[in-house]
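Undergrad: Okay, handing you the structure first.
Nothing in this text is a laboratory measurement; each read-out follows from the coordinates by a stated rule. Since this is a predicted model, take the numbers as computed values, not measurements. All Cβ positions, even for glycine, are placed from backbone atoms using ideal geometry, and neighbour counts span all protein chains on display.
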Amino acid sequence: MKKILLSIVILITLVLAGDKNPFIINPFIDFSYDVSGNNSYDYLNDYTSEARNGTNLSFGANIYRKPLYFQVQVANYLNYLRNDGDFFGIIKLGMNDEIYKNGYFDMNFSYTDNLSKYIHYSAYSGSVGYYQLFMPIDTLASGYFSSGINLGFVSHAYGARYWNDLGWYQYYYSANYTEMFIIAEFAWINKYVRPYIAFGLQNMANNDYYPRNSGFFSIGIQAHLNSVFPYLSSNQSKMTYYKHDNYRWIYVFADKPNIYIYPESKIQAKVTLISNKGYDITTSIPQYQNGWNVWVEPSGLIDNKYEYLFYESSKIRYNPTKIGWSLPASDLWQILPQKMIEYGFNEKEIKDFVDYWQIHLTRSEYYDVTPVINRTVDKEFKLIIDPKPTSVLRVWFYINPTNCKNNLKPPSIPKFVRKGYTVVEWGVLLNR
């Protein structure tokens, strides 16, 4: 389907670019470097920001007959080629007209679809903008400076669909959210090129998995075959697909997180877990009753009886990524304990992990292992301890049994130093 869409866009661009066409046709190609604080990997790791940060290639055509225009575009093509990601088809209908000398008003609506076979993403968006063109400057080859501002919204929808003998199971899981954005843009434009810088702010109210507010920055150059008028920005189109990267929610369980507490002297500690998403604690030792009130020795012994606090949770919504390690079963229990040493766990904590999961882990030929650390774990269950510890390490491992080795990018491992009153936690998010 993607190849068909790409062929259609190229064909329309070539046909409509002819001299005898009654419309103004402007085929274009846009290359940029984009950075956004809203990205799907930010939810999973403190130390990766790769979902939409990087080079971006888009191409398509604007078809204009004053004051209306129609745009077809293929976007995010480099990510599709390099990372087996999605490219996106975008269609846009808008109105662009000069409202006074060299001042242009733009209003548009667009629809975006990734047309993936299994993971379906779509978005509707609308925006309004104003762009001011300045007089030509001879030293810049009769180009024009421009500045503008664009305000809009995007309604995103994600879902999964699986194939069986009976047909599609569409939206086995799904997620929907709406964001508002504002973008300012500065550019120099002439007949064939438009270098630009754009920056703005995205607001994602009522969404737990992305920052409520985050910035956007893009620097790039657009090349086109015909006159750039009407003046059209492509940066608002990026908002429709910017945070999508093989978005695939699954439900997993938080299995056997263990919390180890090492105060500098014997203390009475109040330990509380808070879930903003309504996750329930299904099992706990000792029994969790709106928290644990326990006495803890410097050795880590709790109430003269327990070596750690144990709990398990109901289903957690999780988005797998291509960050982690793909390990054969024969190497799992040599490599994973070594990674735990690098994260900062001690010998006893690692032994507890290995002793339990060697027995309880689903048998498989390979395992994909993704670390989820500290503030990302806090987004699922915030850990509050009174008195407050000096240093805290929380690492959950998402483990997915597979029948083949997958191409995963190893994560950076942040350095953790045990200093003073220390709390550490390990757990597993198991894909069953």
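Undergrad: For the range 309-317, take each phi angle, set θ = phi - 60°, evaluate the Karplus expression 6.51 cos²θ - 1.76 cosθ + 1.60, and give the result in whole Hz per residue in order, putting x for glycine and proline.
TA: 8, 10, 8, 9, 10, 6, 4, 10, 7
Undergrad: Work out how much length I335 to V128 would gain on full extension: take 0.36 nm times their residue separation and subtract the Cα-Cα distance, in nm to one decimal.
TA: In short, 69.2 nm is gained.
Undergrad: For the range 312-412, which GluC sites (Glu not before Pro) are both in a DSSP coil and crowded by at most 16 other Cβ atoms within 10 Å?
TA: The qualifying sites are E365.
Undergrad: Return the tail of the calculated pair distribution for the range 250-430, meaning the percent of Cα-Cα pairs more than 29 Å apart.
TA: Counting every Cα pair in the range 250-430, those more than 29 Å apart make up 19 percent.
Undergrad: Quick check on my link table: of K305/K388; K92/K315; K277/K305, which ones sit more than 29 Å apart, alpha carbon to alpha carbon?
TA: K92/K315; K277/K305
Undergrad: With only Lys, Arg, Asp and Glu charged, each at its Cβ (+1 for the first two, -1 for the last two), find how big the charge dipole of the range 393-432 is about the Cα centre; round to the nearest 20 debye.
TA: 120
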